[in-house]
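The values are calculated or read from the model by the stated rules, or taken from the named source; none is laboratory data. Predicted model only: the values in this text are computed from it and were never measured. Neighbour counts are summed over all protein chains in view; Cβ atoms, including those assigned to glycine, are modelled from backbone coordinates with ideal geometry. Protein only, heavy atoms only, side chains kept; ligands, DNA and RNA dropped before computing areas. Shrake-Rupley method; radii C 1.70, N 1.55, O 1.52, S 1.80 Å.
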Amino acid sequence: MKTSIIGWPRVGANRELKFASERYFRGELDRSGLEAVARELRAAHWRAQSESKIDFIPSGDFSYYDGTLDLAANLNAIPRRFRELKGANDLDVYFAAARGAQSERGDVKALAMKKWFNTNYHYVEPELEDDVEFQPNLDRIFQGYEEARALGIKTRPTLIGPFTFLQHSRLVGTRTLDDFVDGLGAAFRAIIAEADARGVEWLQLEEPSVVRDLTVDDRKRLTRLYERATAGERKVKILFQTYFGDVRDCYAEIAALDVDGVGLDFVEGRKSLELVRTGDFLKNKTLFAGVVNGKNVWRNDYARTIELVKELRQYASEVVLGASCSFLHVPYSLDPETSLPPELKSRLAFATEKLTELRELSELVELAAPETSAAYRANAEARATRSAEDAGIRAATNALAEQDFIRTPAFDERAKIQRDVFKLPLLPTTTIGSFPQTSETRAARAAFRKGETSQEEYETFLRSKIAECVKLQEDLGLDVLVHGEYERNDMVEYFGENLNGFQFTRNAWVQSYGTRCVKPPIVASDVSRKRPITVKWSTYAQSLTDKPVKGMLTGPVTILNWSFPREDLSLKDQAFQIGLAIRDEVLDLEAAGIRIVQIDEAALREKLPLRREDWESEYLSWAIPAFRLVHSKVRPETQIHTHMCYSEFSDIIEQIDAMDADVISFEASRSNLQILDSLKASNFRTQVGPGVYDIHSPRVPSVDEIATTLRTELTKVETKKLWVNPDCGLKTRGTPETVASLTNLVAAARIVRAELN
Ligand code: GLN
Ligand code: ZN
């Protein structure tokens, strides 16, 4: 049986591309230097796949920044403002579109960056101007293919497909999506003709957009795009590759396309099997079966996969074994992970190990008795090793009952009690938690981690930072203070390190966007709190002031969403275990005299299922309770805050309200405060702090600007429910602009407050 890979991690085993690009951005490496690094990486990646005997190796999956942006560039669809930068070559234009540019050449803002489906990868959103003319740069599109061929490796060129490209573009003129169909279809027709001319055997078009909820118009557009792209004779075979879910809305349309292969995801596509069982939509087509998980790090279940593949063979003329999605979303290799416990390591498979899995599976499915082979037995054995269950934790989650998720008394009564206790002014001012993390703080942490300074020295340093931060906030006149979060590098890693059950890797980086990578921890076993985590920092800060200092925690859903979850326990159970651990921390903070606790759920929306019909059953039904679990046991006078890093929650606004926090802050400043209308329309009960300025930019907002924003907010939010705060944490900002911005924020709040009396 043949094997196939959709895409490979681009940044390199040791993030070579990241470092080379950053040197290029700083002017320390020239273009040919950067290109040489990229070429070496591509060659190494093809060789690794070729040595693993993968039959369908992708080319064109490499990118200097992002694949969607690559396609825009290769179709001549980069907006004019970037192309018109003075004296800029094609690579300058490309990076300007990705990152913005501010130099003597001009001053342009980058294209928007958005989350790629339900992953933590971000793509660059193309902007289509009315006069765009799609002209494929064919040499560029097939550059990887030719490069690999010169190395003696046959590849399958891959591109984001026309449907997904359009669905993910922002239209900035007056034309509609349908107006672009002819031009884009023709461009793909030209690409297909070129593939023919170059003797390409298979061409892969990646179309993950078909796994979302589609309208009738979307489905028609899909059909029309492919009618145009595949018109006429051709020899090259086309693979219509989907991933991240199933194609339940459009499998009839896909069945009717003139393509030679269809790639379906049998990991996340819950209905994929059901769909192929229902009919003959794969007759005469090759099925590229996505059976090896491209999003998680655990070994494949060979027994199950073999059985699945045997069934799939009944429905398609040929079945190729493949990955559920690009390996972009998993780390490169387990090799550097020498400090992971061996029993855990034996259960893991990163991208490189997944190649081996594919090859082994391709051999095993042909055997009459695969269970007798060594590879099969090794797999079964590794999967059978389980980390020991923690009886106490299991008992605790099993014993959870309704009242564990219900805080009493109800919201309104608590609000009254809290008003009396805190006596905060109207429009109370606060921040989201972190204060600027300067190089001084990072250096102190690094020195401590390397053992160059003692625990005591490090903690003394942190206390001095906290004291400075509290003093600053008092001087600024903020009403509710924070300790500044100097002790943490990352809001998930810091908590994970203080919880049992999490494992940290050395080098398991995954690209998040451009040159930025994240290193998600692995949930390896049952989770509980090792020790109090933040109590000493919060109580120290509180000891320095009479104003309330917020305890600052990361919520269970965010911790889980930014980790690699287990596959041997439901997400719900994992979230509840983390929830109980964080609940211990909340109760300790309360017992230590902390009167306000903020539980951040920055990533709550991120893993919302791609289809609306799955939102509740697959996700919200446990994610919202997991949050409620964390705070349900606090006293009525303890105020619970939460923070979310987005404002697009109009469609789940009731569920956000049902988290039953007392106050929520979120990012509204960049989305023109549209969310306010939904808050009003839904009678939102929770008090809100819809960030009054954008912390993602170093710009200092004026007093007037903030006051105007507040007045607008007051037209939609009840006076007694409105808080005044920046739209996210300040850790990436510098101190001078932070002080200036917060000074203006407090001044604006005072002005608008005075107008209310
Ligand atoms: N409390 C965190 C901070 O201020 C929240 C960060 C986030 O939402 N990403 O940094
Ligand atoms: Zn945020």
> Among bridges DSSP assigns within the chain, what percent are antiparallel (round to 5)?
Replying inline: 20 percent
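For segment 93-230, compute Rg over Rh where Rg is the Cα radius of gyration and Rh is the Kirkwood radius from the inverse mean 1/r over Cα pairs.
Values: Rg = 16.5 Å, Rh = 16.7 Å.
That ratio equals 0.99.
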>> I need two numbers for segment 252-297: Rg to one decimal and Dmax as a whole number, Cα atoms only, in Å.
In response: 11.3, 35
> Just the C-alpha atoms of segment 323-377: what Rg/Rh do they give, with Rh taken as the Kirkwood radius?
Replying inline: 1.03
>> If you count only protein heavy atoms with a 1.4 Å probe, what accessible area per residue comes out for the chain, rounded to a whole Å²?
In response: 39 Å²
> Do the alpha carbons of any pairs in Lys2/Lys345; Lys18/Lys53; Lys53/Lys354; Lys2/Lys154; Lys114/Lys721; Lys536/Lys721 sit beyond 21 Å of each other, and which pairs?
Replying inline: Lys2/Lys345; Lys18/Lys53; Lys114/Lys721; Lys536/Lys721
> What does the convex hull of the alpha-carbon atoms of segment 646-722 project to on average, in nm²?
Replying inline: 4.9 nm²
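Using only Cα atoms, what Kirkwood radius does segment 185-344 have, in angstroms? Walk me through the numbers on the way to the answer.
On the way: mean 1/r = 0.0590 Å⁻¹.
It is 16.9 Å.
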>> For Leu424, what accessible surface area do you get with a 1.4 Å probe? Give it in Å², rounded to 10.
In response: 50 Å²
>> Cα atoms only: what Rg and Dmax, in Å, come out for segment 1-99?
In response: 15.3, 53
>> Compute, for the chain, the length of the dipole vector about the Cα centre, with Cβ point charges of +1 (Lys, Arg) and -1 (Asp, Glu) only. Units Debye, rounded to 20.
In response: 680 debye
>> Along the Cα→Cβ direction, 7 angstrom out, place labels at Thr735 and Asp301. What is the inter-label distance in nm?
In response: 5.5 nm
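Give me the net charge of Ser169's neighbourhood, meaning all other residues with Cβ under 9 Å from the Cβ of Ser169; Lys, Arg count +1, Asp, Glu -1. List each step's numbers first, then the result.
Working: positive: Arg170; negative: Glu125, Glu127.
The answer is -1.
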> Per the Kirkwood formula on distinct C-alpha pairs, the Rh of segment 693-757 is how many angstrom?
Replying inline: 12.3 Å
>> Based only on Cα atoms, what mean projected area does the convex hull of segment 305-412 have, in nm²?
In response: 13.0 nm²
> What trypsin sites (Lys or Arg not before Pro) in segment 1-83 are in a loop by DSSP, with at most 15 other Cβ atoms within 10 Å of the Cβ?
Replying inline: Arg26, Lys53
> Ignoring ligands, DNA and RNA, what percent of the 1.4 Å accessible area of segment 81-122 is carbon and sulfur?
Replying inline: 46 percent
> How many nm is it between the label spots at Asp30 and Asp217, if each spot is 7 Å from the Cα in line with the beta carbon?
Replying inline: 5.1 nm
> Rule-of-thumb check for the chain: C-alpha Rg over 2.2 N^0.38 Å?
Replying inline: 0.99
>> Quick check on segment 583-713: take the gyration tensor over C-alpha atoms, sort the square-rooted eigenvalues as a ≥ b ≥ c, and tell me if it's rounded (a/c under 1.5), prolate or oblate.
In response: oblate
> Amide H to amide H under 5 Å from Ile664: which residues, 5+ apart in sequence or cross-chain, H placed 1.01 Å off N in plane?
Replying inline: Thr642, Gln687, Val688, Gly689
> Tell me, what is the Rg over Rh of segment 465-556, with Rh the Kirkwood radius over Cα pairs?
Replying inline: 1.07
> Taking +1 at the Cβ of each Lys and Arg and -1 at the Cβ of each Asp and Glu, which of Ile695, Asn725, Pro736 sits farthest along the dipole of segment 692-743 towards its positive end, judged by Cα position relative to the Cα centre?
Replying inline: Asn725
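Mind ranking Asp265, Asp651, Asp139, Asp657 by accessible surface for me, highest first, 1.4 Å probe?
Correct descending sequence by accessible area is Asp139, Asp651, Asp657, Asp265.
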>> Which three extents, in angstrom, do the Cα atoms of segment 349-482 have along their principal axes, listed largest first?
In response: 76, 49, 28
> At a 1.4 Å probe radius, carbon and sulfur cover how many percent of the accessible area of segment 265-343?
Replying inline: 45 percent
>> Rounding to the nearest 10 and keeping the result within 0 to 90°, find how far the Cα-based axis of helix 621-631 lies from the longest principal axis of the chain.
In response: 30 degrees
> Tell me, what is the FRET efficiency for Ser617 and Glu104 to the nearest 0.05, using R0 = 51 angstrom and their Cβ-Cβ distance as r?
Replying inline: 0.40
>> Considering only protein heavy atoms and a probe of 1.4 Å, how much of the accessible area of segment 611-757 is carbon and sulfur, as a whole percent?
In response: 50 percent
> How compact and how long is segment 474-622, expressed as Rg and Dmax of its alpha-carbon atoms in Å?
Replying inline: 16.8, 51
> Measuring from centroid to centroid over Cα atoms, what is the spacing of segment 664-742 and segment 112-134 in Å?
Replying inline: 26 Å
> For segment 109-187, what does the alpha-carbon gyration tensor say about shape, rounded, prolate or oblate, given a ≥ b ≥ c as the root eigenvalues, a/c under 1.5 as rounded, and a/b over b/c as prolate?
Replying inline: oblate
